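Novice: If you scroll down you'll find the structure; I have some questions about it.
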Amino acid sequence: MLFEEERKRLIADYVQQQGRASVQELANHFQVSESTVRRDLRDLEELLHLRRTHGGAVAMLQNDNMEPTFVEKEDRFQQQKLAIAQAAVSLIREGDTILLDSGTTTYHLAKLLKGFKRLTVVTNSVMVAQELADEKNMELLLTGGTLRPETLAMVGPFAERAIADVHVDKVFLATNGFDIQTGLTTPNMIEASTKNRMIRSAQKVVLLADHSKHGRISFCRFGDMTDVTTLITDKLLPSDAVQQLENAGLEVTLADLGGVLS
């Protein structure tokens, strides 16, 4: 049986993927009463996740090229992001050199690095740098670059030259969207170029992306799914998508709120 918040997320995803759905259809699909569906649709409409109609709901038109701010993104799918970060930290070993991209999930990962005694961290994230600034046993390198207020990321030629001069064991990458055909995308061209440079500077590429990023396509493409070594996402990613990604050669880890499923 699904918890209420999990059911609401799945209903929102279902309506977004189908374009529209009736109350009866949703009640049958999720095996709940129609009154429960109506209540969920009312709550989801208040959160701007869909628009109610007579007898059902339709998807909100979304422009994935309009980028929310770091603060706006931090509140979205927070439990999933925490679980993804906890799964990601298990891939890090003492003595590793890692690159942390700027993003809300990589920021949660940074908070989990404080127990390490020997780690080198390269980052273009103001938030990550601030979080790790007092860690005496950690070598912290900042890329420099042009600061983007939306993402609090340092990007552009200065950042890319710094990243090109290092080779790290693992990069933990953020994205606005991932799609098996289109690949990895983000709204900003300069940030896309910096992310691509990160991919080329790492031995292993670990993508941290909750299920809501699946199927989203933004303006600028910065990599193929085959550039990714490991995808860490949450258990709400559809099973057929997991199969497609694994068939493409990715290792997929599904982070659960109560632990990690592989």
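Values quoted throughout were computed directly from the atomic coordinates according to the rules given, and no laboratory measurement underlies them. In this text the structure is predicted, and so the values were computed from the model without any measurement. Every residue, glycine as well, gets a Cβ built from its backbone with ideal geometry; the counts of neighbours run over all protein chains shown.
Novice: Gap in Å between the Cα centre of the stretch 87-139 and the Cα centre of the stretch 29-47?
Specialist: 40
Novice: Can I ask one more? What spacing in nm lies between the two simple spin-label points modelled at Ser22 and Lys204, each 7 Å away from Cα in the Cβ direction?
Specialist: Taking the simple label geometry, Ser22 and Lys204 are separated by 5.0 nm.
Novice: So how do 185-191, 204-210 stack up, highest first, on mean other-Cβ count within 10 Å?
Specialist: Descending mean neighbour count gives 204-210, 185-191.
Novice: Can I ask one more? Calculated from DSSP H runs of 4 or more alone, at -39500 (n - 2.57) each and per residue, what is the 222 nm mean residue ellipticity of the chain, nearest 500?
Specialist: Details: 10 runs with 97 residues, N = 262.
Counting only the DSSP helices, I get -10500 deg cm²/dmol.
Novice: For Lys8, Lys136, what's the fewest-to-most ordering of other Cβ within 10 Å of each Cβ?
Specialist: Going from sparsest to densest Cβ surroundings: Lys136, Lys8.
Novice: Which ³J(HN,Hα) values, rounded to whole Hz and listed in residue order, are derived for the stretch 121-132 from phi using the Karplus coefficients 6.51, -1.76 and 1.60 in 6.51 cos²θ - 1.76 cosθ + 1.60 with θ = phi - 60°, glycine and proline given as x?
Specialist: Using θ = phi - 60°, the values come out as 10, 9, 8, 10, 9, 4, 5, 5, 4, 5, 5, 9 Hz.
Novice: Per residue of the stretch 170-185, what does 6.51 cos²θ - 1.76 cosθ + 1.60 with θ = phi - 60° give for ³J(HN,Hα)? Whole Hz please, x for Gly and Pro, Karplus curve as stated.
Specialist: 9, 10, 9, 9, 9, 8, 7, x, 9, 8, 4, 8, 7, x, 9, 9
Novice: I would also like to ask the following. Could you state the orientation-averaged shadow area of the convex hull built on the Cα atoms of the stretch 4-59, in nm² to one decimal? Mind dumping the intermediate values first?
Specialist: On the way: hull surface 12.2 nm².
Mean shadow area of the hull around the Cα atoms is 3.1 nm².
Novice: Which entries in Lys170/Lys235; Lys114/Lys213; Lys170/Lys195; Lys81/Lys117 show an alpha-carbon gap greater than 18 Å?
Specialist: Pairs exceeding the cut-off: Lys170/Lys235; Lys114/Lys213; Lys81/Lys117.
Novice: Any idea what the relative contact order of the chain is, in percent, if you count C-alpha pairs under 8 Å spaced at least 6 apart?
Specialist: Rounded, it is 15 percent for the chain.
Novice: Could you compute how fast the chain diffuses translationally, taking Rh as the Kirkwood radius over C-alpha pairs and applying Stokes-Einstein at 37 °C with viscosity 0.692 mPa s? Give it in µm² per second. Please report the intermediate quantities before stating the final value.
Specialist: Numbers: Rh = 19.2 Å.
My calculation gives 171 µm²/s for D.
Novice: If the elastic network links every pair of Cα atoms under 10 Å, which of Leu47, Leu82, Leu152 fluctuates the most in the Gaussian network model of the chain?
Specialist: Among Leu47, Leu82, Leu152, the largest mean-square fluctuation in the Gaussian network model of the chain belongs to Leu47.
Novice: May I ask which residue of Pro157, Ala129, Leu141 lies farthest towards the positive end of the charge dipole of the stretch 128-173, with charges of +1 (Lys, Arg) and -1 (Asp, Glu) on Cβ and the Cα centre as origin?
Specialist: Pro157
Novice: Report the one residue of His54, Gln16, Ser33 whose Cα lies farthest in the direction of the positive end of the charge dipole of the stretch 4-59 (charges on C-beta: Lys and Arg +1, Asp and Glu -1; origin at the Cα centre).
Specialist: The listed residue farthest towards the positive side: His54.
Novice: Let me ask something additional. Please arrange Asp179, Asp101 by how many other C-beta atoms lie within 10 Å of their C-beta, fewest to most.
Specialist: Working: Asp179 17, Asp101 27.
Listed from fewest to most nearby Cβ atoms, that is Asp179, Asp101.
Novice: Same structure, new question: Could you put Tyr14, Tyr107 in order, starting from the residue whose Cβ has the fewest other Cβ atoms within 10 Å?
Specialist: Values: Tyr14 17, Tyr107 25.
Starting with the residue having the fewest Cβ neighbours, the order is Tyr14, Tyr107.
Novice: On to the next question. Treating only the Cβ of Lys, Arg, Asp and Glu as charged (+1, +1, -1, -1), what charge dipole size does the stretch 70-261 show about its Cα centre? Round to the nearest 20 debye.
Specialist: 240
Novice: For Val23, what charge total do you get from the other residues with a beta carbon under 9 Å from its beta carbon, if Lys and Arg give +1 and Asp and Glu give -1?
Specialist: Once positives and negatives cancel, what remains is -1.
Novice: Among Met154, Met138, Met127, which one moves the most in a GNM of the chain with springs linking Cα atoms closer than 10 Å?
Specialist: Its mean-square fluctuation being the largest, the pick is Met138.
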